[in-house]
Amino acid sequence: MRPIVRTVALACVLFPSLAAAALPTARPIRNIHLYVNDGDWEFADGKKTYIVGYVAWNQKFEAAPRGATLPPPTIPSPEIRVKVGDEVHVFLHNAGHHHLAKDSAFSNVTHTIHFHGLDLVQAMDGVPGVPAEGLPEKLLAGVPVGEAYEYKFVAEYEGTYMYHCHVDSTTHILLGMYGAFIVEGAQPKTIYGHTYDREYTLFFSEMDTRHNEAIREEGEYDLSKWKSDYFLLNGRIFTADLGNPLSTIADPKTVIKAKEGETVLLRLMGVGFSRDFVFHPHAYHMKVIGTDGRGLESPFWKDTLPIASGERYDVLVPVIGKRNKVCMSCGMGKGISIAHDHNLGNMASTGKYPRGPLTIFVVE
C-alpha cells in the first residue's frame with residue numbers, strides 16, 4: 001500500500017486541482033428549529049377547538065430568543081423545504097402546553113418527530129421506546145417538556161414527504177402535530193425530470209373536536225368513540241359564504257391559480273383516523289408522476305385519485321386553453337372550476353354540506 005500512497009501524494013503536489021477533486025465536498029447544512037406549542041384553531045363555521053402543533057419562531061426556522069413568545073400552532077404545521085444533498089439538522093424543542101385545563105394529564109407528555117417516508121436509522125426515526133445507539137436514555141420515551149433533541153440526516157431523494165409526532169400517534173397527530181416535508185431537486189421547478197410553472201401542497205386530514213376538548217380538559221380519550229366531525233384541506237373547510245376569510249377558497253395556499261398554457265404541480269397528502277380522501281378536479285385530468293417520494297417510471301392519468309393516510313402523490317395538471325370550436329364545453333380556458341374530495345362523507349363537516357375539502361382552480 002505504501003507505493004500507492006506515495007504516488008497519490010506526489011500527484012497531489014504536481015496537480016493541485018486533482019487534490020481538490022479528491023477531497024469530499026462539504027454538504028450544505030440546513031438547521032431547522034421546531035417548537036411544540038398548543039392553542040385554539042378556528043374553522044370557517046365559527047367553531048374553535050384545541051390543537052397542538054409544531055411551530056417555527058420565524059420563516060427561516062431559526063432558534064427563538066430566550067424568553068420569546070412562540071407563535072400559535074397552525075394546521076398543518078409549517079411546511080419544511082430542503083434540497084437534495086442537504087445535511088439536515090432538525091432541533092425539536094418541547095416548549096410544553098399552555099392552554100390545558102389545570103388537571104389535564106396531557107401537561108407533561110413527551111413528543112418526537114417522525115420523518116414519514118425518509119429511510120432513517122432508529123435514533124433519527126422518532127419512534128419512542130426503541131433503544132438505539134446515540135439516543136440518550138432520558139429521551140427514549142420522547143422529548144420531555146423543557147428538553148430538546150437534534151435529528152440529523154441527509155436528504156437523499158427528492159420528493160414529497162411529511163413529518164409528525166410518533167408518541168401516542170393517533171392522539172398527537174390528529175391534534176395537529178403534522179406537516180409537509182419537501183425535498184426539492186437540484187433544478188428549480190423540476191421534479192423527477194418533469195418541469196412545472198407553479199406548485200401547491202394540498203394536505204387532507206380529519207378531526208374529532210370532542211377528542212381535542214377531552215385532551216384539553218382531561219388529557220385522555222376513548223378512541224373507540226372517535227367520530228370525525230371536520231374534514232380539512234390545509235386545515236380549513238369550505239363554506240358557501242364566499243367572503244368568509246377562513247374558508248378554503250380564501251387561502252392563497254389552497255386556491256390553485258394558474259394561467260392558460262401553464263403546468264401546475266400538486267403535492268397531495270393525507271392524514272386520517274379511518275377515512276381515505278379522494279381528490280377530484282372537475283376541469284382537468286392529473287398526470288401522476290410520483291408517489292411516496294419516488295418518481296414513477298410509467299406515469300399515468302387520473303381524474304379521481306384516492307389518498308390513504310400517510311400517502312403522498314405528485315401530480316402535474318396541464319392548464320389547457322380553449323381547445324376547439326366543436327366541443328363548446330371542453331377546455332373552457334379562463335375562469336373558475338372546482339376540485340373537491342369525492343369521498344362524499346368528507347364533504348359534510350358537522351353533518352352539513354358543503355363543508356369539507358373543496359377548493360378552486362382560478363385560470364387567469
Self-check item: Helical mean residue ellipticity (222 nm; -39500 (n - 2.57) per DSSP H run of 4+; nearest 500) of the chain
Solution: -2500 deg cm²/dmol
Exercise. Just the number, please: percent antiparallel of the DSSP beta bridges in the chain, rounded to the nearest 5.
Key: 70
Quiz item: Between A68 and E364, what length in nm is gained on full extension when 0.36 nm per residue of separation is reduced by their alpha carbon distance?
Solution: 102.3 nm
Quiz item: For the range 21-75, rounded, prolate or oblate, judged on the Cα gyration tensor with a ≥ b ≥ c (square roots of eigenvalues), a/c < 1.5 rounded, else prolate if a/b > b/c?
Solution: prolate
Practice problem: Give me the accessible area of D276, 1.4 Å probe, in Å² rounded to the nearest 10. | Solution: 80
Quiz item: Using a Gaussian network model of the chain with C-alpha springs under 10 Å, which one of A63, A26, A258 is most mobile by mean-square fluctuation?
Solution: A26
Practice problem: Quick one: which residues, 5+ away or cross-chain, put their amide H under 5 Å from the amide H of S309? H built at 1.01 Å from N. | Solution: G272
Quiz item: Taking the Cβ of L296 as the center, what net charge do the other residues with Cβ under 15 Å away carry, scoring Lys and Arg +1 and Asp and Glu -1?
Solution: 0
Exercise. For the range 189-307, compute the number of Lys pairs whose alpha carbons are separated by less than 23 Å, excluding pairs fewer than 8 positions apart on the same chain.
Key: 12
Quiz item: What is the Cα centroid distance between the range 146-215 and the range 79-127, reported in whole angstrom?
Solution: 11
Quiz item: Quick one: how many Å² of D241 are accessible to a 1.4 Å probe, rounded to 10?
Solution: 90
Exercise. Just the number, please: percent antiparallel of the DSSP beta bridges in the range 173-279, rounded to the nearest 5.
Key: 45
Quiz item: Of Y161, Y178, L100, whose Cα points farthest to the positive end of the dipole of the range 83-204 (charges on the beta-carbon: +1 Lys, Arg; -1 Asp, Glu; origin at the Cα centre)?
Solution: L100
Exercise. Within the range 347-364, which residues have the backbone N less than 14 Å from the label spot 7 Å out from D197 along Cα→beta-carbon, could you tell me?
Key: 362-364
Exercise. Please list Y157, Y54 in order of solvent-accessible area, largest first, computed with a 1.4 Å probe with all protein chains present.
Key: Y157, Y54
Quiz item: Ranked by accessible surface with a 1.4 Å probe, highest first, in what order do L92, L296 come?
Solution: L296, L92
Quiz item: How long are the three semi-axes of the equivalent ellipsoid of the range 212-364, in whole Å, if each is the root of 5 times an eigenvalue of the C-alpha gyration tensor, listed from largest down?
Solution: 31, 20, 13
Quiz item: Non-local amide H neighbours of V88 (under 5 Å, H modeled in plane, Pro and chain starts lacking H): which ones?
Solution: R30, F153, V154, A155
Quiz item: What accessible area, in Å² to the nearest ten, does a 1.4 Å probe give for K302?
Solution: 70
Quiz prompt | Gain upon complete extension [L296, K227; 0.36 nm per residue less C-alpha separation] | solution = 21.3 nm
Quiz item: Hey, got the dipole for the range 19-166? About the Cα centre, +1 on K and R Cβ, -1 on D and E Cβ, debye to the nearest 20?
Solution: 320
Quiz prompt | Pairwise label distance in nanometres, V154 with H89, each label 7 Å out on the Cα-Cβ vector | solution = 1.7
Quiz item: For the charge dipole of the chain, defined by +1 on Lys and Arg C-beta atoms and -1 on Asp and Glu C-beta atoms about the Cα centroid, which residue among I32, V315, P73 has the Cα displaced farthest towards the positive pole?
Solution: V315
Exercise. Quote the FRET efficiency, to the nearest 0.05, computed for E220 versus T304 with a Förster distance R0 of 56 Å and r equal to the Cβ-Cβ distance.
Key: 0.90
Quiz item: For the chain, what class follows from the C-alpha gyration tensor (a ≥ b ≥ c being the square roots of its eigenvalues): rounded when a/c is under 1.5, otherwise prolate if a/b is larger than b/c, else oblate?
Solution: oblate
Quiz item: When only the heavy atoms of the protein chains count and the probe is 1.4 Å, how do R81, R267 rank by accessible area, highest first?
Solution: R81, R267
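The values are calculated or read from the model by the stated rules, or taken from the named source; none is laboratory data. All values reported here derive from a predicted model rather than from experimental measurement. Neighbour counts are summed over all protein chains in view; Cβ atoms, including those assigned to glycine, are modelled from backbone coordinates with ideal geometry. Side chains included, ligands, DNA and RNA excluded: accessible areas come from the protein's heavy atoms. Shrake-Rupley method; radii C 1.70, N 1.55, O 1.52, S 1.80 Å.
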